[in-house]
Amino acid sequence: MSKVIVVTSGKGGVGKTTSSAAISAGLASRGHRTVVIDFDVGLRNLDMIMGCERRVVFDFINVIQGDAKLNQALIRDRRLDNLYVLPTSQTRDKDALTQEGVEKVLNELREEFDYIICDSPAGIERGAQLAMYYADEAVVVTNPEVSSVRDSDRMLGLLSSKTARAERGEEDQIKSHLLLTRFDPKRSGDGEMMSVEDVLEILAIPLLGVIPESPAVLRASNVGVPVILNEKSRAATAYEEAVARLDGEDLPMKIEGEKVPGLMSRLFGRSA
Amino acid sequence: MQTDVASGNIDGVGTTLKPFQFRGRFLTALALRLSTAPDARFYEMLADRLEKTPNFFTDAPVIIDLEQSQAEVTPEALTELVADLRRRELAVFGVQGGDEALRAAAAGLGLISVTGGRDAPLRGALPSSEQKRPSRVFQERPPMPEAQPAPAPEPEPAPIPQRVAPENKIVTMPVRSGQTVIADKGDLTVVGPVSSGAELFAAGNIHVYGRMRGRAFAGIDGDENARIFCQSLDAELLAIAGLYRTSDSLGADVRHKMVQIYLEDERLIVAPFG
């Protein structure tokens with residue numbers, strides 16, 4: 001059974017694309033056939049983070065509009081041979097995305113891939129809505145800071161109302177996970193940033209992982225390698241663990257400078 | 001909810017049955033307030049309005065309020081208006097205000113002249129010629145999936161047509177930022193957190209079992225007895241029957257406490273439990 005996972009946040013700059021790249025690379029290195037799609041039409045970034053920007057010929061929009069076949073647009077990653085990137089167009093805008101087109105492409109991808117990761121644009125407009133519409137699960141990327149938390153809360157509201165699963169009203173609603181990124185244990189301890197517990201208390205969804213703020217993330221972006229595949233770093237380890245949890249493993253949560261939020265996440269795991 | 005003003009049967013059981021009783025009875029009527037003489041545009045808008053919620057208006061008792069427009073409305077215009085409303089199955093039974101000539105015309109149409117009574121609060125969505133009390137703000141109701149009856153019935157007396165059972169609503173999921181939950185005919189209970197930027201509306205009471213960070217509007221149809229109950233108060237705004245307080249005005253002594261909020265002498269009281 002293939003899974004469509006949307007990586008979303010509402011707010012920009014919190015680490016959606018970085019996380020999409022890391023998650024898809026992590027799933028692929030665990031042996032799953034994985035594709036990551038850039039839904040941020042007009043602000044093409046994923047291909048750069050994945051280091052395949054020089055190999056883009058056709059894109060997602062070309063496929064939707066029937067100008068290219070899906071296989072022509074998919075770019076195979078040079079490091080992992082079961083990882084593919086579906087880049088987006090830099091010249092078009094989000095109106096080029098259609099619901100039918102997105103559905104058709106996703107259905108085609110479902111036949112070939114175990115995991116389909118949708119890298120959502122920021123905001124709550126068309127691009128973000130279509131990125132989440134057909135999702136089975138959601139990774140909500142949040143920074144420990146009030147505006148990011150509020151925007152994530154808004155996205156959770158949309159995930160539970162404006163998606164195919166919500167509209168069909170099935171038992172089986174979208175499973176949402178929280179990925180807390182750019183976390184600085186020291187600043188959180190000093191009260192400058194929100195604590196993991198504060199964020200969980202507001203968002204009330206299970207915690208997938210906490211990614212520490214790390215210069216390794218920026219270095220990885222600069223060289224176009226997903227964090228998880230670049231140098232060994234705390235951020236890379238945290239992403240690996242988050243991916244393992246997304247893949248169904250039950251790993252204990254370790255967060256520097258924080259009380260173990262095991263109880264909290266278990267509590268909210270049930271209510272969300 | 002009929003209020004017995006005088007019960008004819010104070011002697012208790014076993015006495016002879018009296019052939020009649022006088023009882024006080026309140027009923028709710030719609031007042032159609034004219035700001036000017038009815039013209040073609042008026043009839044067009046009226047037809048439009050009535051079509052949206054036909055059931056609400058069928059056989060509804062109606063008073064025509066002429067207080068603001070008696071100078072402009074002629075007896076002929078009134079006759080025409082009454083005929084039009086009756087054609088639309090509104091039970092017009094009285095006029096309010098109006099000069100000598102208008103009242104005479106009304107009597108000729110079988111309408112009584114009504115004095116007294118008081119208006120139910122007017123919602124923001126309606127074109128308001130009436131000055132709102134400064135302390136009150138009636139939040140415009142968010143658009144509803146189905147059409148809504150417009151004029152709020154008077155708050156205290158009984159609604160006449162039939163007694164409608166309240167339609168309470170229970171939400172067992174977190175109410176997220178940007179979401180709106182409406183219980184327009186009863187109480188609203190949320191079991192779970194309500195986030196900042198979320199809105200709750202209820203004709204009756206609102207209960208929140210979880211951290212309450214959003215906005216709550218209880219008694220949206222003007223019920224001043226409605227209350228809000230929060231397990232942990234951290235709300236942005238609390239309102240009952242249009243009277244509101246924002247989080248600025250909530251002291252530290254009630255924040256994060258289990259509280260109830262109610263109206264007392266036109267003031268919104270936030271009272272912690274225990």
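The values are calculated or read from the model by the stated rules, or taken from the named source; none is laboratory data. Here the structure is a predicted model, which means the values were calculated and not measured. Neighbour counts are summed over all protein chains in view; Cβ atoms, including those assigned to glycine, are modelled from backbone coordinates with ideal geometry. Accessible surface is based on the protein model in full, side chains and every heavy atom, while ligands, DNA and RNA are left aside. Shrake-Rupley method; radii C 1.70, N 1.55, O 1.52, S 1.80 Å.
Here each label is just a point 7 Å from Cα along the line to Cβ, and for residue B:247 and residue B:20 those points are 6.2 nm apart.
Computed about its Cα centre, the charge dipole of region B:169-272 is approximately 460 debye, with only Lys, Arg, Asp and Glu carrying charge at their Cβ. Chain A contacts chain B over a buried accessible area of about 1000 Å², both sides summed; the probe is 1.4 Å and only protein chains count. The share of accessible area on chain A that comes from carbon and sulfur is 47 percent, using a 1.4 angstrom probe.
Count Lys and Arg as plus one, Asp and Glu as minus one, and take only other residues whose Cβ is under 12 Å from that of residue B:168; the net charge is then -1. Each residue was assigned an accessible area with a 1.4 Å probe, and for residue A:64 the value is about 30 Å².
Amide H contacts under 5 Å for residue B:183: B:201, B:202, B:203, restricted to partners 5 or more places along the chain or on a different chain, H placed in the peptide plane at 1.01 Å from N. Taking the chain by itself as reference, region A:124-160 contains these residues with an accessible-area loss of 40 Å² or more in the full protein complex (1.4 Å probe, heavy atoms): A:150, A:153, A:154.
Taking every DSSP beta bridge with both residues inside chain A, roughly what % is antiparallel (nearest 5)? Roughly 5 percent of the beta bridges in chain A run antiparallel, per DSSP. Multiplying the residue separation of residue B:172 and residue B:266 by 0.36 nm and subtracting their alpha-carbon distance yields 30.6 nm. For region B:169-272, rounded, prolate or oblate, judged on the Cα gyration tensor with a ≥ b ≥ c (square roots of eigenvalues), a/c < 1.5 rounded, else prolate if a/b > b/c? Because a/c hits 1.5 or more and a/b fails to exceed b/c, region B:169-272 counts as oblate. For region B:30-113, the orientation-averaged shadow of the C-alpha convex hull comes to 4.7 nm² (one quarter of the hull surface).
Give the angle, between 0 and 90 degrees and rounded to the nearest 10, that separates the Cα long axis of helix A:16-29 from the longest principal axis of the Cα atoms of chain A. Helix A:16-29 and the main axis of chain A meet at about 80 degrees.
Backbone geometry of region A:196-212 corresponds, through the Karplus equation with coefficients 6.51, -1.76 and 1.60 at θ = phi - 60°, to 3J(HN,Hα) couplings of 4, 5, 4, 5, 5, 5, 7, 7, 6, 10, x, 8, 8, x, 10, 9, x Hz, x marking Gly and Pro. Across region A:49-57, computed HN-Hα scalar couplings (Karplus, 6.51 cos²θ - 1.76 cosθ + 1.60, θ = phi - 60°) run 4, 7, x, 10, 5, 7, 10, 6, 10 Hz from first to last residue, x flagging Gly and Pro.
Based on protein heavy atoms only, chain A ends up with 43 Å² per residue of surface accessible to a 1.4 Å probe. For region B:174-203, a drop of 10 Å² or more in accessible area on going from the chain alone to the assembled protein chains (1.4 Å probe) is found at B:174, B:176, B:177, B:178, B:179, B:193, B:195, B:196. The trypsin sites (Lys or Arg not before Pro) found in region A:189-240 that occupy coil by DSSP, while having at most 14 further C-beta atoms within 10 Å, are A:232.
Here r is the Cβ-Cβ distance between residue B:89 and residue B:225 and R0 is 30 Å; the resulting FRET efficiency, rounded to 0.05, is 0.40.
Summing Lys and Arg as +1 and Asp and Glu as -1 over all other residues whose Cβ lies under 9 Å from the Cβ of residue A:61 gives a net charge of -1. Taking the C-alpha atoms only, the angle from helix A:234-246 to the longest principal axis of chain A is near 70 degrees.
For region A:153-159, putting each phi into the Karplus relation 6.51 cos²θ - 1.76 cosθ + 1.60 with θ = phi - 60° gives couplings of 4, 4, 4, 4, x, 5, 4 Hz, in residue order, rounded to whole numbers and with x for Gly and Pro.
Database remark: amide H of residue B:222 closer than 5 angstrom to the amide H of B:241 (H placed geometrically; neighbours at sequence offset of 5 or more, or on other chains; Pro and chain starts carry no H). Residues whose amide H falls under 5 Å from that of residue B:206, counting only those 5 or more places apart or on a different chain, are B:188, B:227, B:228, B:229, with hydrogens built in the peptide plane.
Cross-link partners of residue A:3 among lysines, defined as those whose alpha carbon lies under 29 angstrom from its own and excluding same-chain residues fewer than eight positions apart: A:11, A:16, A:69, A:94, A:104, A:162, A:175, A:232, A:254. Among beta bridges identified by DSSP and lying wholly in region B:169-272, the antiparallel ones come to about 35 percent.
Compared with the dominant Cα axis of chain A, that is its longest principal axis, helix A:99-112 is turned about 80°. Would you jot down the residues in region A:198-220 that end up with at least 20 Å² less accessible area in the complete protein assembly than in the chain alone, with a 1.4 Å probe? Those are A:201, A:202, A:204, which lose 20 Å² or more relative to the chain on its own. Net charge of the neighbourhood of residue B:274, taken over other residues with C-beta under 14 Å away and scored Lys/Arg +1, Asp/Glu -1, is 0.
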